[in-house]
Amino acid sequence: DIAMMLEAGEFYQNNIKQKMDDIDIKKHLRKGEKVLETGKLFKNKLKREIIKETVIPNIPSKNISFGYSGFTSSRREEVSTTSSQNIPSTPQNPENFYTEPEDDPGELTARINATPRSGNAPLLVNFDGKDSFAPEGNTIESYSWDFDASDGIGENATGQSVSYNYLTSGIYTVTLTIRDNQGNRDSTTTTIDTTGGQHFYVDDNAVDNSGDGTQADPWKNVFYAMSQCDGVTPTTIHIANGTYDATVNGEVWPIVAQENVTLEGESLAATIDGNFAEVNDFFSLTNINSFRVDTITFQQKLPDDIFDLTSSAIVAENCSFISIRRAFNVNTANVTIRNCTFDDSRWVIQELWTTSGNSTFLIEDSDLSNDSKIYIDNENSNVTIR
């Protein structure tokens with residue numbers, strides 16, 4: 001059984017209890033990366049350093065806990081990631097050895113804000129990197145922007161806040177690279193879609209759903225906007241800052257997702273909130289091949305799912321999940337999670353034990369904390385974390 005993945009292809013086996021000194025990997029580590037001692041759990045703050053580019057195929061264990069204090073696997077036993085209580089903590093028992101959290105030194109992290117992210121060309125997009133941050137004691141010295149990864153230019157503009165006018169229809173990959181005063185660099189990407197399609201607008205300050213769904217006369221809730229999507233025409237539902245729940249603006253759960261739809265928040269202040277409602281799911285996806293959510297906060301303090309997926313695909317980017325029982329409840333799906341945060345979310349992903357097929361999960365540049373876990377029941381499903 002694999003007890004812990006370290007770097008791609010590098011692991012120690014629990015039954016052998018190899019010491020890290022016996023595996024000479026230190027010379028392969030990049031600046032700032034660390035080597036774990038046998039059996040020690042790693043803390044969330046080290047996540048990106050230790051498991052960057054790690055692929056976990058054909059997981060032999062049935063439960064993966066990835067949380068504030070550690071990432072480990074076991075045979076269906078749930079491993080606490082927030083407390084050392086009831087865990088034998090002796091080096092002589094390395095498979096359960098627990099390391100208390102230390103002060104978080106932080107790391108250089110690039111973040112992109114873009115408004116709007118989609119629309120008809122020509123489209124003027126405003127970008128900023130103001131949410132990027134450097135480790136304590138360091139400062140960000142430069143911001144470099146590449147507005148189209150396919151044009152070969154590399155750098156189109158510099159500065160924390162920039163704008164770019166996309167003149168032709170297409171889907172563009174935008175890259176922000178930052179450098180701090182110690183010479184460290186970090187990059188992140190986002191996509192801009194100027195292919196057209198239709199655009200609906202939702203604002204919780206709207207009186208009702210009697211408008212035409214334009215920016216000037218928006219609808220009041222996401223449920224109604226989704227019902228107007230035909231499942232063929234690419235559609236972006238723009239969600240203004242505000243709270244969207246059954247009490248404030250009449251959301252009806254679950255919202256049945258339509259094909260070729262993007263939910264795009266104005267900022268993370270656009271919050272879809274269960275507000276303690278007794279619901280099973282926020283969104284239900286069945287046989288959906290293209291569904292995307294971007295820059296939205298999801299929160300719910302009762303035991304419900306945000307997305308229930310059956311034979312479907314979803315991309316979640318730049319989102320925040322707070323106090324969620326399950327963010328993604330999966331029965332055969334492709335799930336991509338990029339630049340998202342999960343706080344007090346019991347299950348980031350839970351794959352049903354009755355799942356009928358193999359799933360693929362990709363988690364990039366995301367933060368999982370405070371007892372957030374990943375549960376994979378099908379050993380033929382594939383998880384990539386980087």
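FYI, it's all coordinate maths here, none of it is from the lab. Worth saying up front: this structure is predicted, and the values here are computed from it rather than measured. Ideal geometry is used to build each Cβ from the backbone, glycine not excepted, and the neighbour counts take in all protein chains shown.
Taking amide H as placed 1.01 Å from N in the peptide plane, ASP304 has its amide H under 5 Å from the amide H of ARG325, ARG326, each at least 5 places away in sequence or on another chain.
Gain in length, THR247 to SER163, computed as 0.36 nm per residue apart minus the alpha-carbon separation, to one decimal in nm?
Numbers: separation 84, 0.36 × 84 = 30.24 nm, distance 3.81 nm.
Using 0.36 nm per residue and subtracting the Cα-Cα distance, I get 26.4 nm.
With a simple spin-label model that places each label point 7 Å from the Cα along the Cα-to-Cβ direction, the separation between ASP344 and ASP230 comes to 4.4 nm. Here the Karplus relation 6.51 cos²θ - 1.76 cosθ + 1.60, evaluated at θ = phi - 60°, turns the backbone of the range 167-176 into coupling constants of 8, 10, 5, x, 10, 10, 9, 9, 10, 10 Hz, with x for every Gly and Pro. Annotation: amide H of ASP204 within the under-5 Å range of ALA240, sequence separation 5 or more or interchain, hydrogens built in the peptide plane.
The alpha carbon convex hull volume per residue for the range 198-375 rounds to 96 Å³. Full extension of the segment from ASP131 to ASN181, taken as 0.36 nm per residue of separation minus the current Cα-Cα distance, would add 16.3 nm. Note on ASN156 and ASN380: the extension gain reaches 76.4 nm, defined as 0.36 nm multiplied by sequence separation minus the Cα-Cα distance.
Listing TRP253, TRP353 from the residue with the fewest other Cβ atoms within 10 Å to the one with the most, what is the order?
Values: TRP253 19, TRP353 11.
Listing TRP253, TRP353 from fewest to most nearby Cβ atoms yields TRP353, TRP253.
Summarising the amide proton neighbourhood of ALA149: residues at separation of 5 or more, or on other chains, whose placed amide H is nearer than 5 Å comprise THR173. Remark: the range 376-381, residue by residue, has Karplus-estimated 3J(HN,Hα) of 10, 9, 8, 5, 8, 6 Hz, where x stands for each Gly or Pro and the curve is 6.51 cos²θ - 1.76 cosθ + 1.60 at θ = phi - 60°. Take the alpha carbon gyration tensor of the range 113-193, find the square roots of its eigenvalues, order them as a ≥ b ≥ c, and report rounded if a/c is under 1.5; if not, report prolate when a/b exceeds b/c, else oblate. Here the range 113-193 falls in the prolate category. Ranked by how many other Cβ atoms sit within 10 Å of their own Cβ, fewest first, the residues LEU124, LEU362, LEU263 fall in the order LEU124, LEU362, LEU263. Label sites at THR336 and ASN358, each approximated as a point 7 angstrom past Cα along Cα to Cβ, lie 1.9 nm apart. A quarter of the convex hull surface defined by the alpha-carbon atoms of the range 303-351 gives 2.9 nm² as the mean projection.
In order along the range 280-289, the Karplus-derived 3J(HN,Hα) couplings, from 6.51 cos²θ - 1.76 cosθ + 1.60 at θ = phi - 60°, round to 7, 9, 7, 10, 10, 10, 10, 6, 9, 9 Hz, and Gly and Pro are given as x.
With the charge dipole of the range 113-193 set up from +1 on Lys and Arg Cβ and -1 on Asp and Glu Cβ about the Cα centre, the Cα lying farthest toward the positive end among the listed residues GLY137, VAL174, GLY119 is that of GLY119.
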